[in-house]
Amino acid sequence: MNPQSLPLFPPQASTIASEVDALYFFHIAVTSFFSLLIAAGVVYFAIRYRRRSNAESPPEIEGSLALELTWTFIPLLITIVMFVWGAQVFFHINRPPDNSMNVSVVGKRWMWKLQHPTGQREINELHVPLGRPVRLTITSEDTIHSFFIPAFRIKKDAVPGRYNTAWFEATKAGSFHILCAEYCGTEHAKMIGRVVVMEADDYQTWLAGGPTPESPIKAGERLFVEMNCVTCHRPDSAGRGPILNGIFGRAVRLQSGESVVADAAYVRESILNPAAKVVAGYQPVMPTYQGQVSEESILNLIAYIRSLPMPAVEPGK
Ligand code: CUA
């Protein structure tokens with residue numbers, strides 16, 4: 001931290017930080033201007049038009065169309081600017097680039113558990129390369145937390161049973177705070193960590209140091225066998241469950257006639273509550289895995305299913 005600067009604001013260390021700040025300062029400027037204008041007006045009018053004698057009675061005023069139009073359209077224009085500008089920043093924040101690397105974030109009283117696409121796990125620390133978009137898939141094991149990196153201007157709730165997404169692209173090497181921004185119990189204030197932004201080469205060196213871990217896809221593949229998923233979801237269509245190859249991200253038709261996109265949330269629900277959305281043509285025979293599989297294992301299973309290629313021949317046709 002530069003000691004000469006009063007640290008009212010965290011550093012700007014991601015591509016969206018300056019966008020968020022520009023919008024924020026615009027709001028501050030507009031609201032300050034009107035607060036001052038109104039306060040000054042109140043004081044000025046109170047003095048200028050004060051009652052000078054008890055006998056004085058002011059003239060009646062009928063109103064002014066020009067004045068009313070002015071105080072309607074100027075604020076309207078300003079709020080439209082705020083809305084359009086805000087929407088642009090909102091979309092930018094909420095649309096991770098396609099080439100992002102995936103990092104999973106699991107909040108737990110009272111720590112952050114993070115995993116890299118190559119399998120490295122970290123607790124309360126996240127090493128990322130400079131200049132590369134990183135997509136965070138955020139969930140929680142117990143209560144609601146909120147994953148907050150002030151220097152990147154991102155903050156997203158970690159909600160049990162749900163996957164939230166955030167992304168950033170770091171623009172400065174260095175170490176920045178990770179905070180929990182949702183009161184989650186006695187040690188909420190200690191639920192802090194840091195994100196370490198490294199040059200791309202240093203990041204590769206960092207990844208290569210330490211034992212080679214199991215990647216989420218490999219771990220998911222192992223779990224798929226260990227948990228006996230493989231006996232029903234066989235890739236040869238001879239099982240009792242639907243084949244999972246190539247389904248991720250695509251629409252799936254359900255028994256109920258509706259269809260649902262097979263995204264991370266759907267896969268998770270199907271593992272924990274298989275009867276909720278049964279695929280058309282199958283029976284609700286799958287047992288629940290509620291309580292038998294951790295959030296991290298589910299994320300690994302999702303990574304594995306996401307990685308399964310389309311079958312070469314459409315089965316059953
Ligand atoms: Cu976790 Cu506050």
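The values are calculated or read from the model by the stated rules, or taken from the named source; none is laboratory data. Owing to the predicted nature of the structure, the values given are computational and were not obtained by experimental measurement. All Cβ positions, even for glycine, are placed from backbone atoms using ideal geometry, and neighbour counts span all protein chains on display. Just so you know, the surface numbers come from the protein's heavy atoms only, side chains and all, with ligands and any DNA or RNA stripped out. Shrake-Rupley method; radii C 1.70, N 1.55, O 1.52, S 1.80 Å.
Taking the chain as the region of interest, the number of lysine pairs whose Cα atoms are within less than 21 Å, with members eight or more places apart or on different chains, is 10. Measuring nothing but protein heavy atoms, the accessible surface of region 162-317 at 1.4 Å probe radius is 54 percent carbon and sulfur. Counted by Cβ distance under 14 Å from Asn99, the other residues give a net charge of +1, where Lys and Arg count +1 and Asp and Glu count -1. The magnitude of the dipole of region 60-135, with charges of +1 and -1 set on the Cβ of Lys/Arg and Asp/Glu and taken from the Cα centre, is near 920 debye.
Dipole size of region 219-266 about its Cα centre, with +1 on Lys/Arg Cβ and -1 on Asp/Glu Cβ: approximately 100 debye, rounded to the nearest 20. Amide H neighbours of Leu130 under 5 Å, counting only residues 5+ apart in sequence or on other chains, H built in-plane at 1.01 Å? Placed amide hydrogens put Met198, Glu199, Ala200 under 5 Å from Leu130.
Leaving out ligands, DNA and RNA, what percent of the accessible area of region 1-131 is carbon and sulfur, probe 1.4 Å?
Numbers: 6260 of 9270 Å².
It is 68 percent, rounded to a whole number.
The string of couplings for region 137-149 from the Karplus curve (6.51, -1.76, 1.60, θ = phi - 60°) is 9, 10, 8, 9, 8, 9, 10, 7, 10, 9, 8, 10, 10 Hz, one whole number per residue in order, with x for Gly and Pro. Summarised in one figure, the compactness ratio Rg/Rh of region 129-246, Cα atoms and Kirkwood Rh, is 1.08. Rounded to the nearest 5, the antiparallel percentage of DSSP beta bridges internal to the chain is 70%.
Kindly point out which whole DSSP H helices in the chain project their C-alpha atoms 30 angstrom or further along the helix axis while averaging a Kyte-Doolittle hydropathy of 0.5 or above. Answer set is 17-48, 65-94. Residues whose amide H lies under 5 Å from that of Ile154, counting only those 5 or more places away or on a different chain, are Ile149; hydrogens are built 1.01 Å from N in the peptide plane. Compactness of the chain was expressed as the Cα radius of gyration divided by 2.2 N^0.38 Å, which yields 1.40. For Trp167, the amide hydrogen comes within under 5 Å of the amide hydrogens of Leu136, counting only partners 5 or more places away or on other chains and with H modelled in the peptide plane. From the Cα gyration tensor of region 20-106, with a ≥ b ≥ c the square roots of its eigenvalues, which class applies: rounded if a/c is under 1.5, or else prolate if a/b is larger than b/c, or else oblate? The shape class here is prolate.
Only Lys, Arg, Asp and Glu carry charge here, each on its Cβ (+1 for the first two, -1 for the last two); on that basis the chain has a dipole of about 220 debye about its Cα centre. Once the 1.4 Å probe is applied to the protein heavy atoms, the chain comes out at 60 Å² accessible per residue. By the Cα gyration tensor, region 206-317 has an equivalent ellipsoid whose semi-axes, rounded to whole angstrom, run 25, 16, 13 from largest to smallest. Mean sequence separation of contacting Cα pairs (under 8 Å, at least six apart), scaled by the length of the chain, corresponds to a relative contact order of 14 percent. Report note on the peptides 255-262, 110-117: ranked by the mean count of other C-beta atoms within 10 Å, highest first, their order is 110-117, 255-262.
Across region 129-134, coupling constants 3J(HN,Hα) worked out from phi with the 6.51/-1.76/1.60 Karplus curve, θ = phi - 60°, read x, 6, x, 10, x, 10 Hz, and Gly and Pro carry x.
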